[in-house]
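The values are calculated or read from the model by the stated rules, or taken from the named source; none is laboratory data. None of the values given here were measured: they were computed from a predicted structure. Positions of Cβ are generated from backbone atoms using ideal geometry, with glycine treated the same way; all protein chains shown enter the neighbour counts. Only protein heavy atoms, including side chains, enter the accessible area calculation; ligands, DNA and RNA are left aside. Shrake-Rupley method; radii C 1.70, N 1.55, O 1.52, S 1.80 Å.
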Amino acid sequence: MGKLVEIKTKPTSSSVEEFIEALSDEQKRKDSFIILDLMKKATKEQPEMWGASMIGFGHVRYKSEATGREVDWFRIGFSPRKANLSLHLGGQIKPHAEALLKLGKHKTGAGCIYINKLADIDLEVLTGIINASATIK
């Protein structure tokens, strides 16, 4: 067993709905409620605020293959950031390579998909990616 690392970003008791309602960008609010619903359905879990701006579903302990360190985190989640909507898919982008070709306008990072707005992408493809990510262990 690796060493469990304590991280600063942890679940809070803040309201997810109040956080989304407080977003100044109306389109980000609407898109965030849609993503919230998609992730609730996929995980069958209730969302939690992680830190001040991340919304997570489920709990999982990730282990770094490189260092052996372990960290407690959410299974999947998202953050409606100023620049884009950041979807965190449990560090798993490669299994979605084929679907990402059909998704529409997006960027990817280490385990994340970045989209500007849901109108830029195919919502059915995103739903499939979210559903698949919720089941990856």
Exercise for the section: Would you mind telling me which numbered condition in (1) open to solvent by less than 40 Å² (accessible area, probe 1.4 Å); (2) touching a residue at least 60 places away in the same chain (Cβ under 8 Å); (3) closer than 20 Å to Tyr114 by Cβ Pro47 fails? Expected result: (2)
Handout entry: segment 111-136, residues that are farther than 23 Å from Asp25 by Cα, within 12 Å of the chain's Cα centre (by Cα) and surrounded by fewer than 18 Cβ atoms within 10 Å (Cβ to Cβ)
Key = Gly111, Asn131
Handout entry: Cβ pairs under 6 Å, 6+ apart, first in segment 11-28 and among the hydroxyl-bearing types (Ser, Thr, Tyr), second not in a loop (DSSP other than H, G, I, E, B)
Key = Thr12/Met49; Ser14/Met49
Completion exercise
The condition from (1) more than 17 Å from Ile20 (Cβ to Cβ); (2) under 11 Å from the mean Cα position of the chain (by Cα); (3) of a type outside the set (A, V, I, L, M) that Pro80 misses is numbered (1)
